[in-house]
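Here the structure is laid out as structure tokens; the discussion comes afterwards.
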Amino acid sequence: MNQEKVIVVDFGGQYNQLVARRVRECNVYCEIYSYKTDLEKIKEMNPKGIILTGGPNSCYEKGAPTCQKELFELGIPVLGLCYGAQLMMHVLGGKVEKAPVREYGKTEVKVNTASPLFSDVSEKTICWMSHFDYISKVADGFEITANTADCPVAAAQNTDKNLYAIQFHPEVLHTQEGTKMLYNFVRNVCGCSGTWRMDSFVENSIKEIRKKVGNGKVLCALSGGVDSSVAAVMLSKAIGNQLTCVFVDHGLLRKDEGDEVEEVFGPNGPYELNFIRVNAQDRYYSKLAGVTEPEAKRKIIGEEFIRVFEEEAKKIGAVDFLVQGTIYPDVVESGLGGESAVIKSHHNVGGLPDYVDFKEIIEPLRDLFKDEVRKAGLEMGIPEKLVFRQPFPGPGLGIRIIGEVTAEKVKIVQEADAIYREEIANAGLDKSIGQYFAALTNMRSVGVMGDERTYDYAVALRAVNTIDFMTAESAEIPFDVLQKVMSRIINEVRGVNRVFYDLTSKPPGTIEVE
Ligand code: XMP
């Protein structure tokens, strides 16, 4: 891609993807690379700027992640954040040592607004600090541009060489003017003009897909989730009915979801493509009968998906390209991008290529973060309802029903979940909570309804806020909203007489219940 770009050099800190996302919010394309990346490779990429991230180590310790001094001599502006700031000083001859006082949390920082980095920033501004080492002496040629009560060097700069160091984390929203600081760096210091926009991304991608595919046949496994939907629409705009989408309804979708997907992508929808819906509900329920162990359930659901898809693909015959909805965090997390360990193995992607006769994979969203996928979706006119759909796991309701999955239990959880989602939307909370859903516990208890004794299931409501889905906090939902959901579920969903709200964070819990 011929884009002006900034690169993020990853030293293993927890906010690294966030740095890249914030830079992209300034309309500047940004990619993450491990600190082990060769300097030559970095030069070849010709970045307009380099950002060194935070990290958990002490830069003066033996074996700590480091970088070559030459990185600071390329004539490319460099911004070091937290560990990156300390490393910059350490490598260039300043001094970093254990701080007498560890700083953690929101901290008032006094900045020199004459610094290009702090242009338009308030003189006293709240920033997010998280460090146990500190810069006790800046390297030659640097001047101090910010400090706190406990931290003499909260920021420093060498404007002759375009080197900037910040001890705090501008990428975190707790740093109130952090986005402005990053904007100042990428747009003003690095001189990026801001060409990264979703409208031009969509336009260019469509052109590239057309060129790549030619007259070829393309197959896409459509789940109805945001990523595969956006990928499918992009392909359909590029190559029309050379595309076939296979949508497997495994009977573990949310209420009415199968029909909604068909409405958009099926023959009556606005897109030109071949759409195949496979109603495999009964097949799934019979495979899942009597199975209670979560991993066994996941395996069955995953394998069955491949079987069904394979059967459909065979009917279509050899295809030239297979579409996958891989997005940038998948690339980073699978170890191809930054420094993060391989964390997830449960993506929808993977698996399929071994089973389908195709020549090449197309991953049109490979460079995008989730929020950018959504923007691209809106740009192409995909309905908001679909674009802002909750993340939904491949195994679907199968892992939101504790224990055995039956058609009856699926119905219960679908109804309860639909009520929950409706009320969350009514309360205007639908776009502010990361992920929320109803699950069915495996517990039945005694209740009373009218004058009758009941012995029914308990539904658990879950709502979490999360940055990266690796950790999560339960969301605070007003009590009256929860009460309304509870009373509607009890009244409207047969087979339920108790509703719980799950307060567990992740860790120790996971987001899904199985
Ligand atoms: P957990 O339950 O692992 O969920 O805390 C983290 C995020 O991943 C989603 N999830 C899955 N997504 N296939 C998927 O495509 C799966 O098997 C799967 N399991 C969990 C979950 O919804 C949450 O967003």
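The values are calculated or read from the model by the stated rules, or taken from the named source; none is laboratory data. This one's a predicted model, so the numbers in the text were calculated from it and none came from an experiment. Every residue, glycine among them, receives a Cβ derived from its backbone with ideal geometry; neighbour counts consider all protein chains shown. Note: areas computed on protein heavy atoms with side chains; ligands, DNA, RNA excluded. Shrake-Rupley method; radii C 1.70, N 1.55, O 1.52, S 1.80 Å.
Have a look at the stretch 400-502 and give its Rg and Dmax from the Cα atoms, expressed in angstrom.
Cα-based Rg and Dmax for the stretch 400-502 come out at 13.9, 47 Å.
Sort Trp128, Trp196 by accessible area with a 1.4 Å probe, largest first. Walk me through the numbers before you get to the answer.
On the way: Trp128 30, Trp196 5 Å².
So, going from the largest accessible area down, we get Trp128, Trp196.
Placing +1 on the Cβ of each Lys and Arg and -1 on the Cβ of each Asp and Glu in the chain, which of Val446, Gly302, Phe201 has its Cα farthest towards the positive end of the resulting dipole?
Phe201
Let me cross-check Glu473: its accessible surface, 1.4 Å probe, with only protein heavy atoms counted, in Å² to the nearest 10?
120 Å²
Once each part is reduced to its C-alpha centroid, what is the distance from the stretch 179-207 to the stretch 208-260 in angstrom?
28 Å
Just the accessible area for Phe479, please: 1.4 Å probe, Å², rounded to the nearest 10?
Solvent-accessible area, nearest 10 Å²: 150 Å².
Compute the Kirkwood hydrodynamic radius of the stretch 16-63, taking the inverse of the mean of 1/r over all pairs of distinct Cα atoms, and give it in Å to one decimal.
12.5 Å
Working with all protein chains in place, sort Glu514, Glu476 by solvent-accessible area computed with a 1.4 Å probe, largest first. Kindly include the intermediate steps, with their values, before the conclusion.
Values: Glu514 30, Glu476 180 Å².
Correct descending sequence by accessible area is Glu476, Glu514.
Stokes-Einstein at 25 °C, 0.890 mPa s, Kirkwood radius from Cα pairs: D for the stretch 201-387 in µm² s⁻¹? Intermediate values should be presented prior to the final figure.
Values: Rh = 17.2 Å.
Taking Rh from Cα pairs, D becomes 143 µm²/s.
Considering the convex hull of the alpha carbon atoms of the stretch 5-189, report its projected area averaged over all viewing directions, in nm², one decimal. Kindly include the intermediate steps, with their values, before the conclusion.
Working: hull surface 35.5 nm².
Spelled out: convex hull of the Cα atoms, projected over all directions, averaged, 8.9 nm².
D for the stretch 34-120, whole µm²/s, Stokes-Einstein with Kirkwood Rh over alpha-carbon pairs at 10 °C and 1.306 mPa s: what number? Let's see the in-between values first.
Working: Rh = 14.8 Å.
Diffusion coefficient, whole number: 108 µm²/s.
Just flag the trypsin sites (Lys or Arg not before Pro) in the stretch 1-105 sitting in loop per DSSP whose Cβ has no more than 15 other Cβ atoms within 10 Å.
Details: sites: Lys5, Arg21, Arg22, Arg24, Lys36, Lys41, Lys43, Lys48, Lys62, Lys69, Lys95, Lys98, Arg102; in loops: Lys36, Lys48, Lys62.
Those that pass, being in a loop and sparsely packed, are Lys36, Lys62.
Compute the accessible area per residue over the chain, keeping the other protein chains in place, probe 1.4 Å, unit Å².
Details: 22990 Å² over 514 residues.
Value for the chain: 45 Å² per residue.
Given a 1.4 angstrom probe, I'd like the percentage of the accessible area of the chain that is carbon and sulfur, rounded to a whole number. Please report the intermediate quantities before stating the final value.
Values: 10780 of 22990 Å².
So the carbon and sulfur contribution to the accessible surface is 47 percent.
Need one number for the chain: average projected area of the convex hull over its C-alpha atoms, nm².
On the way: hull surface 105.6 nm².
So the mean shadow area of the Cα hull is 26.4 nm².
Could you report the accessible area of Ser136 in Å², rounded to 10, computed with a 1.4 Å probe on the protein chains as they sit in the structure?
40 Å²
Which three extents, in whole angstrom, do the alpha-carbon atoms of the stretch 254-311 cover along their principal axes, largest first?
Each principal axis gives a Cα extent; for the stretch 254-311 these are 41, 26, 17 Å.
Using only Cα atoms, what Kirkwood radius does the stretch 164-277 have, in angstroms?
Values: mean 1/r = 0.0580 Å⁻¹.
Averaging 1/r across every pair of different Cα atoms and inverting gives 17.2 Å.
Sorted by accessible area (1.4 Å probe), largest first, how do Val186, Val481, Val101 line up?
Values: Val186 0, Val481 20, Val101 65 Å².
Descending order: Val101, Val481, Val186.
Would you mind giving the average projected area, over all directions, of the Cα convex hull of the stretch 80-197 in nm² with one decimal? Don't skip to the end; give the middle numbers.
Values: hull surface 28.0 nm².
Projected over every direction and averaged, the Cα hull of the stretch 80-197 covers 7.0 nm².
Using alpha carbon centroids, what distance separates the stretch 389-442 and the stretch 462-514, in Å?
9 Å
So what is log10(I(q)/I(0)) for the stretch 348-449 at q = 0.12, 0.15, 0.19, 0.21 1/Å, when the Debye sum runs over its Cα atoms only?
Summing over Cα pairs of the stretch 348-449 leads to -0.63, -0.89, -1.13, -1.20.
Given Cβ point charges of +1 (Lys, Arg) and -1 (Asp, Glu) and nothing else, what value in debye, to the nearest 20, does the dipole of the chain about its Cα centre take? Intermediate results must be reported in sequence, preceding the final value.
Details: 59 positive and 73 negative charges, 69 e Å.
So the magnitude is around 320 debye.
Listed here are the pairs Lys5/Lys370; Lys48/Lys237; Lys299/Lys375; Lys48/Lys95; Lys314/Lys411; Lys212/Lys297; which of them are more than 30 Å apart at the Cα?
In this structure, Lys48/Lys237; Lys299/Lys375; Lys314/Lys411; Lys212/Lys297 lie more than 30 Å apart at Cα.
Quick one: Cα centre-to-centre distance for the stretch 96-172 and the stretch 290-316, in angstrom?
53 Å
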